[in-house]
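Notes follow once the structure below has been shown.
The values are calculated or read from the model by the stated rules, or taken from the named source; none is laboratory data. Predicted model, so just to flag it, every value in this text is computed and none were measured. Note that we place each Cβ from the backbone using ideal geometry, even for glycine, and neighbour counts take in every protein chain shown.
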Amino acid sequence: MPEPLWWQSGTIYQIYPRSFQDSNGDGVGDLDGIRSRLDYLTWLGVDALWISPIFPSPMADFGYDVADYCDIHPLFGSLAAFDALVADAHARKLKVILDFVPNHTSDQHPWFRESRSSRDNPKRDWYVWRDGKSGDAPPNNWLSQFGGPAWTFDAVTRQWYLHSFLRQQPDLNWRNPEVRAAMYAVLDFWLKRGVDGFRVDVIWLLIKDEALRDNPVNPGWEPGQSEHRRTLNIHNADQPEVHDIIADMRRLLDRYHERVLIGEIYLPVEKLVTYYGKDLAGAQMPFNFQLILAAWNAPTIARLIEDYERNLPPGGWPNWVLGNHDQPRIAARIGAAQARVAAMLLLTLRGTPTLYYGDELGLGRVTIPPDAVQDPWEKNEPGLGLGRDPSRTPMQWDAGRNAGFTTADKPWLPLDADYARMNVQALRAQPQSLLNLYRALLDLRRQHLALSSGSFTLISSDADMLIFERSFGDERLIVALNLDHEPQPLPDHLAEAEVLLSTSMDRQGRLAEPLLRANEGLVLRP
């Protein structure tokens, strides 16, 4: 087996920059704040930090509405601050991955202002403009991901423009070669500044049906679900031509040394894996969100692991994610006890794991009072529980004022009410804390090639016990996970195995009792 690249053997740590560390007392995290916490990341044992958008933006969607792709929003710092962060990260052997948001810009981007100025402006075709249907109807029935129609009427030019998300986020027309050239130049700008890769936002949405045909009605939609699920996204997502764009991006990255292209893709696994591209010339890692979306039981998880492994193209490198800025935190989904088991699962599966900041502390669903809500999705579709604020609250560093996150009167989002107990400083001092479990698991991955690069074999998924083998050369390790709140006996052939690590961090060496305790996971050497 060839020597694995850094993005294959390493672990990625996602930082939501507004919420990691504030350095200037304005209540919002920034680049200098991230830079001041790099030693924490090296102590934890991750290998790369992925930073959510930091570009100039009106912040209608907190940075996912970009007004300038080649600068830094003053809220986060400057290009000089970014360069210093990259230099300090690289000095610590940490890689830096940027979020790239190519599907849409802000409506305040100079490109869109030009496009909107007249029908004959040279940049008119940089966005998707169309006449409406008869009467006041938009061009088709496509729906915004954030609720309502995906079209907004412009009274000046008397046409509609497409926006897959907020009306302040007009979609670029990726069928226009000038758009492609401009966006590839953006990638090149950041690669020359030393960025080690990109996570590409909603990459599967970049190309739309050329005829803009209506989407079929979703027969499974029910009241209480997000409005955008009323139709099936057949013509506004996952179009065949998108793979040509991704291949172009990959060719650009391949001109630099060991850069990585990661695609955000919410699709069934058989479609997800097509984003590796022909001859693996697409995204090196189409994000695999199955653990985020799956029911938490052993048979379901075993099935999705095997389906994923079976569908991977030859040579395609797997990856796994437990949480991100758009989804409820893992502890909120499955509870604090199982969050420890989930950590062991994530960090012992074959492929690259991505951690989401704060999950290593066990942060759950932080209560956001109505008057503190920030998320535009929650504001557009209130009462459906779609708000993403509870997963974006500030990192909790210590028991001091504002958890050590900011010296401001209050942070931009509320802290967990239990932050005096649930913070880095307190948990770091507790040998059996979840934080120290994450650190031990990351250390174990580095020590054993079987965990970072070895093969995967499912052994058992009976009841709520998941057991699988990781092997590399002569080394065999067994991972046994109890996804239940009751003890379960281990198979006889593991009765005398050696415990390398327990999620409770209170037993090592030969098994004294051949069972998995409630909510326990073990890494064993048979």
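From the list Ala417, Ala480, Ala429, Ala463, the lone residue that is closer than 25 Å to Ala518 by Cα and in the same structural domain as Pro370 (by TED's automatic domain parsing) is Ala429. Residues in the range 91-105: is at least one closer than 28 Å to Trp190 by Cα, of a type outside the set (A, V, I, L, M, F, W, C) and assigned to a helix (DSSP H, G or I)? No, the range 91-105 contains no residue that is closer than 28 Å to Trp190 by Cα, of a type outside the set (A, V, I, L, M, F, W, C) and assigned to a helix (DSSP H, G or I). Looking only at residues of the range 377-410 that are without any contact (Cβ under 8 Å) to a residue 40 or more places away in the chain and of a type in the set (A, V, I, L, M), we find that the one that is surrounded by the most Cβ atoms within 10 Å (Cβ to Cβ) is Ala403. One residue stands out in the range 297-322 among those that are part of a loop (DSSP other than H, G, I, E, B) and on the phi < 0 side of the Ramachandran plot: the one that is surrounded by the fewest Cβ atoms within 10 Å (Cβ to Cβ), namely Pro314.
The residues in the range 65-115 that are over 26 Å from Arg37 (Cβ atoms), buried (at least 20 other Cβ atoms within 10 Å of the Cβ) and of a type outside the set (Phe, Trp, Tyr) can be counted, and the count is 10.
When residues in the range 187-207 are screened for being surrounded by fewer than 19 Cβ atoms within 10 Å (Cβ to Cβ) and more than 17 Å from Arg251 (Cβ to Cβ), 2 of them pass.
Each row is one residue, and each column tells you yes or no for (1) under 20 Å from Met465 (Cβ atoms); (2) modelled with pLDDT of 95 or more.
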| residue | (1), (2) |
| --- | --- |
| Lys271 | no, yes |
| Leu280 | no, yes |
| Ala283 | no, yes |
| Ile292 | no, no |
| Ala298 | yes, yes |
| Ile305 | yes, yes |
| Pro313 | no, yes |
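When Glu178 is evaluated against the numbered criteria (1) surrounded by fewer than 20 Cβ atoms within 10 Å (Cβ to Cβ); (2) outside any helix (DSSP H, G or I), which criterion, by number, is the only one it fails? Going through the list (1) surrounded by fewer than 20 Cβ atoms within 10 Å (Cβ to Cβ); (2) outside any helix (DSSP H, G or I), Glu178 breaks only (2). Inspection of the range 227-248 finds no residue satisfying the criterion of being among the β-branched types (Val, Ile, Thr), surrounded by 18 or more Cβ atoms within 10 Å (Cβ to Cβ), assigned to a strand (DSSP E or B) and touching a helix residue (DSSP H, G or I) at 6+ places or on another chain (Cβ under 7 Å).
Could you pull out the residue among Ile203, Ile234 that is in contact (Cβ under 8 Å) with a residue 12 or more places away in the chain, in contact with a Gly (Cβ under 6 Å, 6 or more places away or on another chain) and closer than 18 Å to Leu272 by Cβ? Just one listed residue meets the conditions, Ile203.
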